[in-house]
Amino acid sequence: MVDYRKIFVHNRRWAKRKRTLHPGFFRRHFNKQKPDFLYIGCSDSRVSVEKLMGVDIGEVFVHRNIANIVSDDDENVKAVIQYAVEVLKVQHIVVAGHTGCGGIKASLEDCSKGAIDQWLQKVKKVYTKHQKRLEKIEDEATMLDEFSKLNVLEQCQNIAHLDCVKKSIANTGFPIIHPWMYDMSNGLLHDLDKNKK
Ligand code: CO
């Protein structure tokens, strides 16, 4: 069994180090948060927001679910986006998919009825929409990663259609919505928006 107590040992060491190197660090963050980013990504344990973006506490507002879905019937993600846009006024919303996504793969398989299956229907909808293009790709892993990319682009569109986002963009020009893919095989992050450098 994993010794969960090691988490607390690490935590005490980390907090002490922060306090020593950056006096006032916790007090400053306790008073308010002003992140520049909202990150929406997959729950996969191998995708660590802080590590892959190189950010610290207070820099990113985060929402994660299986296969990074933004669905109009999901009050959870919609509340996160509304809060990020209207209250935190984030300038960037990132949707980050990743290669080798288990949720993407599972959406094409028969699995047990229940919450997982219900959730995966939202992912499968994206496949159905792009089925003609995707079924032409013979290699399964390549097809699944392409499906992941299309899923990210689709979720970015879903964000762009939300009232709070449309209103904010009309008034301030923000947020900018970024489709990103994280390649688990080499740790590299890619911007799917070809117009950006
Ligand atoms: Co995933």
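Structural remarks
- Surface composition of the chain: carbon plus sulfur atoms hold 54% of the accessible area, using a 1.4 angstrom probe and ignoring ligands, DNA and RNA.
- Between 0 and 90°, nearest 10: helix 140-160 axis offset from the chain longest Cα axis: 70
- Taking every protein chain into account, the 1.4 Å probe leaves Arg46 with about 140 Å² of accessible area, to the nearest ten.
- For the set Lys125/Lys166; Lys136/Lys194; Lys113/Lys194, the pairs lying more than 30 angstrom apart at their alpha carbons are Lys113/Lys194.
- Under 19 Å from the Cα of Lys78 - aspartates and glutamates, other chains or at least 8 residues apart: Asp36, Glu86, Glu154, Asp163
- Accessible area (Å², 1.4 Å probe, nearest 10) - Tyr83: 100
- Residue-averaged 222 nm ellipticity for the chain, from DSSP H runs of 4+ at -39500 (n - 2.57), nearest 500: -14000 deg cm²/dmol
- Computed from the alpha carbon positions, the gyration tensor of the chain leads to an equivalent ellipsoid with semi-axes of 31, 23, 16 Å, biggest first.
- Under-5 Å amide H pairs with His190, H placed in peptide plane, nonlocal only: Met181, Tyr182, Asp183
- Using alpha-carbon coordinates, inclination of helix 163-172 to the longest axis of the chain, degrees: 60
- Ser148 exposes around 10 Å² of accessible area when a 1.4 Å probe is run over every protein chain in place.
- Under 16 Å of direct C-alpha separation, and excluding same-chain neighbours fewer than eight residues apart, Lys6 reaches these lysines: Lys16.
The values are calculated or read from the model by the stated rules, or taken from the named source; none is laboratory data. From a predicted model like this one, the values you see are computed outputs, not experimental measurements. All accessible areas refer to the heavy atoms of the entire protein, side chains included, with ligands and DNA or RNA removed. Shrake-Rupley method; radii C 1.70, N 1.55, O 1.52, S 1.80 Å.
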